[in-house]
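Visitor: Mind having a look at this structure? Questions to follow.
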Amino acid sequence: MSLSDRRTLVFALLALPLAGCGFTPVYGPEGAGGMLQNRLRADDPADKDAFDLVARLEERLGRPSATALRLAYDIDVTEESTAATPARFASRIRVVGQVRYRIIQSDAVLAEGKVDAFTAYSTTTTPLATRAAAEDARRRLMVILADGIVTRLLASARQWMPLA
């Protein structure tokens, strides 16, 4: 048996258990990706972190339609020093974030969850460069948190998403 024939056999055997398990690709014809597209409207952002979070959510899930469900969220971000110079100045800052979210329809909570993530940045002797690094770290954190929310919503949409 040639090497390519063995590969084909192995891939066929690996795919066999998925044939009868009800597995549906999330962005397939009947997947949750299509169910959520343009169906969730995040609360209006109140600050820069919320703006970055909502922008990423809309990038992944689309712009909400008139019949959209409400996506409420609470963002909590903290910063902590993880390294210091010999003069005791922070040289590495860890930015930790948490978002609690709820999917709401007519005051009823359909789904809720929490996503945690962190990122970091290095400080420099230049205040402007340090500030730019801090802003970039927070923006990256909001993208990571939004992607985590989308992943959890896509994984659970069949349990809570009302039929259109």
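The values are calculated or read from the model by the stated rules, or taken from the named source; none is laboratory data. These numbers come from a predicted model, not from an experiment. Methodologically, a virtual Cβ is constructed for each residue, glycine included, from the backbone with ideal geometry; neighbour enumeration extends over all protein chains shown.
Visitor: For region 127-155: of the residues being without any contact (Cβ under 8 Å) to a residue 60 or more places away in the chain and among the small types (Gly, Ala, Ser), which is surrounded by the most Cβ atoms within 10 Å (Cβ to Cβ)?
Guide: ALA137
Visitor: Let me ask something else about it. Given (1) modelled with pLDDT of 90 or more; (2) out of contact with any Ser or Thr (no Cβ under 7 Å at 6 or more places or on another chain), identify the lone condition not met by VAL95.
Guide: Every listed condition holds for VAL95 apart from (2).
Visitor: Additional query: When region 96-126 is examined, which residues are found to be in a strand (DSSP E or B), under 21 Å from PRO45 (Cα atoms) and of a type outside the set (A, V, I, L, M)?
Guide: GLY97, GLN98, ARG100, TYR101, ARG102, GLN105, GLU112, GLY113, LYS114, ASP116, PHE118
Visitor: Which is under 18 Å from the mean Cα position of the chain (by Cα) and in contact (Cβ under 8 Å) with a residue 40 or more places away in the chain, of VAL99, VAL115?
Guide: VAL99
Visitor: Something else about it: State yes or no: is LEU128 over 21 Å from the mean Cα position of the chain (by Cα) and over 19 Å from SER81 (Cβ atoms)?
Guide: So LEU128 fits the description; yes.
Visitor: Residue under question is ALA50, and the condition is that it be assigned to a helix (DSSP H, G or I) and either of a type in the set (A, V, I, L, M, F, W, C) or at pLDDT 95 or above (or both); does it hold?
Guide: Answer is yes for this residue.
Visitor: Identify the single condition in (1) over 14 Å from the mean Cα position of the chain (by Cα); (2) closer than 19 Å to ALA55 by Cβ that VAL143 does not satisfy, given that it satisfies every other one.
Guide: (1)
Visitor: Which of the numbered conditions does GLY31 fail, given that it passes all the others? Conditions: (1) modelled with pLDDT of 70 or more; (2) in contact with a helix residue (DSSP H, G or I) (Cβ under 9 Å, 6 or more places away or on another chain); (3) surrounded by 11 or more Cβ atoms within 10 Å (Cβ to Cβ).
Guide: (1)
Quick grid of which residues meet (1) at pLDDT below 95; (2) in contact with a His (Cβ under 9 Å, 6 or more places away or on another chain); (3) surrounded by 12 or more Cβ atoms within 10 Å (Cβ to Cβ):
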{"position": "VAL77", "(1), (2), (3)": "no, no, yes"}
{"position": "ALA87", "(1), (2), (3)": "yes, no, no"}
{"position": "ASP107", "(1), (2), (3)": "yes, no, no"}
{"position": "SER122", "(1), (2), (3)": "yes, no, yes"}
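Visitor: What is the one condition in (1) out of contact with any strand residue (DSSP E or B) (no Cβ under 6 Å at 6 or more places or on another chain); (2) under 19 Å from SER65 (Cα atoms); (3) in contact (Cβ under 8 Å) with a residue 40 or more places away in the chain; (4) of a type outside the set (D, E, K, R) that GLN105 does not satisfy?
Guide: GLN105 satisfies every listed condition except (1).
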